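Asks: Below you'll find the structure I mean.
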Amino acid sequence: MSEVTEASVRAEARAWLKEHWNPELGLVEWRNKLADSGWGVPHWPKQWYGRDLPVGFGAGIEEEFKAIGAIGVAKAGIRTLAAATILAHGTDMHKEKFLRRILTGEDTWCQLFSEPGSGSDLAGAVTRAEFEGNKWVINGQKVWTTSAHHANWALLLARTNWDVPKHKGLSYFILDMHQPAVEVRPLKQMNGHASFNQVFFTDAVIPPEFLVTEVGNGWAVATTTLMHERRGADGLRSWAASSTSKGRAYDEERIEFATTNEPYKWYPQRAGRVDLVLERARATGKLGDLVLRQEIAKLLTMSKAAEWTARRARAAQEQGRPQGPEGSLGKLISSHIARAAGRVHTSITGADAMLTGEDSPMGGVIAEILVSIPATSIAGGTDEIQRNIIAERVLRTPKEPSVDTDKPFRDVPRNIAKK
């Protein structure tokens, strides 16, 4: 049996793409071909639309897609977290029902974790899931939910037991968002966008087969989702753009991109836009300012160091090592970089950084950066949460004393009424 090498795999992918890629195919039709071939997600199991190849081969295969201009499977948004979680914890029924439609882009997803009463204490969720007859009935509220307004399905963390410690009383579900008992209300942000939503449940229904693993194991499943989410904030994320090429598949991809990526269009600004710093310093004549040059150098050094750290984590992933706390390291440093970038942009632009509108610096982009940066320290787990994870799992320091992890959740003081 011949050895499988990256070069041989690339040659095979190149030959398959040359034979099958056709920009006049419908987008879903093309992605179904990718799912059947395994080239869309080659590191996934063969049974579930992959080819059982090492993760490290993925970059080379992506280069073959780019070389021929072929569109890949759908990856934008929460669907990637849904796929990773279902692959790790879902039943064969879950994988059969959801994975292909995630890859083709036919289904969109949202993540129903955060709640208004628990803040960063995700395990303090009080949205209730009660088994009545032959179904789960959901009541409660979630908040800061990206893309809930157009999601088909949701990853839901809800409380199924109030008489055990908080982490043990949670269960993880897949929820159909298209039911009257689910109400979505957009939240307007201070940067003018409305990417997030409040979601209310009033006797929403979930079939028993849409429970992910067993009752009470929701925290372990949620941890998988969060680790993948934090790795996405490690400094190597690229902000995709749809192709300008001609063909039915490209046309449909542009429509998909406009809808799916609308909530994320300000995300480069919340990361601080380090890429604009030198351009702005030159354009404003500030590059000769010795103090400012030092701050720019510190920012660029920190950004490059974060990139190298992220690449180290990706290398570990390519070697098959499981997700770990390195995602928290990347998440925390991204917050530091964003705030440092905000300070540098303010030093370069001065008071004009507060202006918005067409006649403001870069058409309002600088102002949008400054009001978007705080989100980096909150979304996906606050900086304080990341520091705790790093301290306990990387530095092996004693856990922070807790007064609510050993007693029944029903007896834990909260800022809402007991249930």
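Asks: Put +1 on the Cβ of every Lys and Arg and -1 on every Asp and Glu Cβ in segment 271-379; which of Leu292, Leu370, Leu329 then has its Cα farthest towards the positive end of the dipole?
Replies: Towards the positive end, the residue furthest out is Leu329.
Asks: Same structure, new question: Straight-line reach from Lys135: which aspartates and glutamates have a Cα under 18 Å away, not including same-chain ones fewer than 8 places off?
Replies: By straight Cα distance, Lys135 reaches Asp176, Asp203, Glu209, Glu214.
Asks: While we're here: Assuming a ≥ b ≥ c are the square roots of the Cα gyration tensor eigenvalues, decide whether segment 79-231 counts as rounded (a/c under 1.5), prolate (otherwise, with a/b larger than b/c) or oblate.
Replies: Working: a/c = 1.31, a/b = 1.07, b/c = 1.22.
Here segment 79-231 falls in the rounded category.
Asks: Can I ask one more? Specify which residue in the list Phe57, Thr85, Ala341 is farthest towards the positive end of the charge dipole of the chain, using unit charges on the beta carbon of Lys, Arg (+1) and Asp, Glu (-1), about the Cα centre.
Replies: Ala341
Asks: When a/c reaches 1.5 or more, the comparison of a/b and b/c decides; with that in mind, is segment 369-419 rounded, prolate or oblate per its Cα gyration tensor? Before the final figure, lay out the partial values.
Replies: Numbers: a/c = 4.30, a/b = 1.30, b/c = 3.30.
Since a/c reaches 1.5 but b/c is at least a/b, the shape of segment 369-419 is classed as oblate.
Asks: Further, regarding this structure: Just how large is the dipole of the chain about the Cα centre, in debye to the nearest 20, putting +1 at every Lys and Arg Cβ and -1 at every Asp and Glu Cβ? Provide the component values of the computation, followed by the final result.
Replies: Details: 53 positive and 50 negative charges, 183 e Å.
Around 880 debye, computed over the chain.
Asks: Shifting gears a bit: For segment 120-205, treating each Cα as an identical point scatterer without solvent, what Debye log10 I(q)/I(0) comes out at q = 0.15, 0.22, 0.24 1/Å?
Replies: Calculated log10 I(q)/I(0) at the listed q: -0.57, -1.08, -1.21.
Asks: Additional query: For the chain, give me the percentage of DSSP beta bridges that are antiparallel, rounded to the nearest 5 percent. Please report the intermediate quantities before stating the final value.
Replies: Numbers: 27 of 32 bridges.
About 85 percent, rounded to the nearest 5.
Asks: Moving on to the next point. First obtain the Kirkwood hydrodynamic radius of the chain from its Cα pairs, then insert it into the Stokes-Einstein equation at 10 °C and 1.306 mPa s, and state the resulting D in µm² per second as a whole number. Intermediate values should be presented prior to the final figure.
Replies: Values: Rh = 23.4 Å.
For these conditions, the coefficient is 68 µm²/s.
Asks: Of Ser37, Ser118, how do they rank once you tally other Cβ atoms within 10 Å and put the fewest first?
Replies: On the way: Ser37 16, Ser118 19.
Ordered from fewest to most neighbouring Cβ atoms within 10 Å, Ser37, Ser118 come out as Ser37, Ser118.
Asks: To make sure I understand, if each residue's beta carbon is the centre and we count other beta carbons within 10 Å, what order do Ser147, Ser195 fall in, fewest to most?
Replies: Details: Ser147 26, Ser195 22.
Neighbour counts put them in this order, fewest first: Ser195, Ser147.
Asks: Any chance you could tell me what percent of the C-alpha pair distances in segment 283-419 go past 18 Å?
Replies: Within segment 283-419, distances greater than 18 Å cover 70 percent of Cα pairs.
Asks: I've got another one for you. With +1 assigned to the C-beta of every Lys and Arg and -1 to the C-beta of every Asp and Glu, and no other charges, what is the dipole magnitude of segment 271-379 about the Cα centre in debye, to the nearest 20?
Replies: On the way: 14 positive and 11 negative charges, 110 e Å.
It comes to approximately 520 debye.
Asks: Suppose a student asked you for the relative contact order of the chain, using Cα pairs under 8 Å spaced at least 6 residues apart; what percent would you report? List each step's numbers first, then the result.
Replies: Details: 689 pairs, mean separation 62.6, N = 419.
Computed value for the chain: 15 percent relative contact order.
Asks: With 10 angstrom as the radius, rank Glu19, Glu229 by how many other C-beta atoms surround their C-beta, starting from the fewest. Don't jump to the answer; show the numbers that get you there.
Replies: On the way: Glu19 8, Glu229 21.
Fewest to most other Cβ atoms nearby, the residues stand as Glu19, Glu229.
Every read-out reported here was derived from the displayed coordinates using simple, explicitly stated rules and does not represent laboratory data. Keep in mind that this is a model prediction, so the values were computed, not measured. As a convention, Cβ positions derive from the backbone with ideal geometry for all residues, glycine included, and neighbour counts pool all protein chains shown.
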